[in-house]
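Contents: one structure, followed by commentary.
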Amino acid sequence: MAGREDLKRFFALDIDFSAIGLAQVENAAYFCTPVGAEYIGWIGCDGVHFVLLPGDERVFCVDPMAMEEGRYVLPVAESFRQFLSFVLFCRDANPLSQIYWMTEERFRQLLREDAGAHWDGCEAFLAQKAAALEAVSAAFGLEPADPYEKVKTLQRAFDPACLTFSDEYYDVLGLERGS
């Protein structure tokens, strides 16, 4: 599948993945990580991570803190390349993990806040972020694409019944398997 080949190319890039919200850490599944998930990266907060699922080209966000059945795993892109173009637009993967609960106004505000965030010693981090984004853009020939409406549309149409979870998911949520 195209997404898997692109994922291999992505992992081969010599970049700081954490600078764009896609940290590479040991693949520790959470109770709500679907069975067979192939990890893309972690935002570095609350266990939120992005995955590809078997037989599916969409990119999913797994959010263990969603606290609502049907919201723990949601699509954020139709393909890995589209996902990367969204990361380029947002300059980080984190905003993609939050679209499900945000109004468009709040989403745009978050992007402005992120763009304006500066702190003592931030120059090195911002340089790593810029270098990572440029490397992704160049390696895949991608331009930034505004994700908001596309992600909202994907999520409105999504039926979580297609997801397969471990027994731990049902145990943690107190659900009967298959419900």
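Remarks
Yes or no, residue by residue, for (1) under 23 Å from His49 (Cβ atoms); (2) not in a helix (DSSP H, G or I):
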site	(1), (2)
Phe89	yes, no
Gln98	yes, no
Ala115	no, no
Val151	yes, no
Gln155	yes, no
Leu175	yes, yes
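- Single residue of region 12-59 satisfying the filter (within 12 Å of the chain's Cα centre (by Cα) and under 20 Å from Leu173 (Cα atoms)) that is surrounded by the fewest Cβ atoms within 10 Å (Cβ to Cβ): Gly47
- One residue from Glu105, Glu113 being acidic (Asp, Glu), under 20 Å from Pro144 (Cα atoms) and modelled with pLDDT of 95 or more: Glu105
- The set of residues from region 52-99 being among the β-branched types (Val, Ile, Thr), under 24 Å from Asp16 (Cβ atoms) and in contact with a Cys (Cβ under 8 Å, 6 or more places away or on another chain) comprises Val62, Val76.
- If you filter region 120-179 down to residues that are of a type in the set (A, V, I, L, M) and in contact with a strand residue (DSSP E or B) (Cβ under 6 Å, 6 or more places away or on another chain), you find that the one that is surrounded by the fewest Cβ atoms within 10 Å (Cβ to Cβ) is Leu163.
- Region 36-80 - residue that is in contact with a Pro (Cβ under 8 Å, 6 or more places away or on another chain) and of a type in the set (Val, Ile, Thr) and, of those, farthest from Pro160 (Cα to Cα): Val48
- Phe107 vs. criteria of a type outside the set (D, E, K, R), in contact (Cβ under 8 Å) with a residue 24 or more places away in the chain, touching a Phe, Trp or Tyr at 6+ places or on another chain (Cβ under 7 Å) and farther than 25 Å from Gly55 by Cβ: yes
- Selection of region 15-34 for residues being farther than 22 Å from Cys90 by Cβ, in contact (Cβ under 8 Å) with a residue 12 or more places away in the chain and of a type outside the set (Gly, Ala, Ser) yields Asn27, Tyr30, Phe31, Cys32, Thr33, Pro34.
The values are calculated or read from the model by the stated rules, or taken from the named source; none is laboratory data. As the structure is a prediction and not an experimental result, all values here were calculated from the model. Cβ coordinates were reconstructed from backbone atoms using ideal geometry, including for glycine residues, and neighbour counts include every protein chain displayed.
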